[in-house]
Amino acid sequence: MSVVSNTSPIIFLSKVPEILNLAKNFYKEILIPEEVFEEAVDKALQNPSTKENSFKIQELIEEKFIRIKKLDVKYIKIRDSINQKLGIGESSAICLALQLNIKLILIDEKPATSIARQFGLKPQPISLLPIKAYKKKLIDRKEAIKLLDGLLINKYHSSSIDYKKIISMLE
């Protein structure tokens, strides 16, 4: 199955190799718009603290696990109309999902999640990958918690309420 992604999920895939392995288990490919590539790679190359992540994302592009897609003019207009409420990467990812008729979209930010749902998409935060793997018996509870902690250690933005809610899904 193919999935569309916003910037932050692919950044965290590059930071936490075990989460990346889960993504490769669940998805045939991750599709990103050019704007997400610019945020995740081009801008990251300019910052010494994120340069390594951008190299990993470029590797995934070379492997064709992540593929860059261009938005059609029709969807650029839609993107521009929702871009006032979201960042360019988020709005472009939502529009790419619409353009390709792919319902599942990896998005972590709540405002983008809400707008994605308004368009009939199924947003999924990257933090749910360990939960899915646990429910499919690919990993045990302890490993799922370790992966979730790995996201937090790498500065994944999750409130303590969200974290408790995610951990409760392992019951």
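Every read-out reported here was derived from the displayed coordinates using simple, explicitly stated rules and does not represent laboratory data. Just so it is clear, the model here is predicted, and its values are computed rather than measured. Note: ideal-geometry Cβ built from the backbone for every residue, glycine included; neighbour counts use all protein chains shown.
Among the GluC sites (Glu not before Pro) found in segment 1-86, those both in a DSSP coil and sparsely packed, with 11 or fewer other Cβ atoms within 10 Å of their Cβ, are GLU63.
Extension gain for LYS142-MET1 works out to 48.1 nm (0.36 nm per residue, less the C-alpha to C-alpha distance).
Remark: segment 29-44, residue by residue, has Karplus-estimated 3J(HN,Hα) of 7, 10, 9, 10, x, 4, 5, 5, 4, 4, 5, 7, 10, 4, 5, 5 Hz, where x stands for each Gly or Pro and the curve is 6.51 cos²θ - 1.76 cosθ + 1.60 at θ = phi - 60°. The trypsin sites (Lys or Arg not before Pro) of segment 24-116 that meet both conditions, a loop assignment by DSSP and at most 16 other Cβ atoms within 10 Å of the site Cβ, are LYS28, LYS64, LYS70, LYS85, LYS103.
Applying 0.36 nm per residue to the separation of ASN154 and ASP72 and subtracting their alpha-carbon distance, the gain on full extension is 26.1 nm.
For the residue pairs LYS74/LYS136; LYS142/LYS165; LYS64/LYS85, alpha carbon separations beyond 27 Å are given by LYS74/LYS136; LYS64/LYS85. When the scattering of segment 1-106 is computed by the Debye formula from its Cα atoms alone, each counted once and equally, what is log10 I(q)/I(0) at q = 0.09, 0.20, 0.22 Å⁻¹? After summing over all Cα pairs, the log10 values are -0.21, -0.99, -1.16. Calculated on the Cα set of segment 38-158, radius of gyration then Dmax: 15.9, 46 Å.
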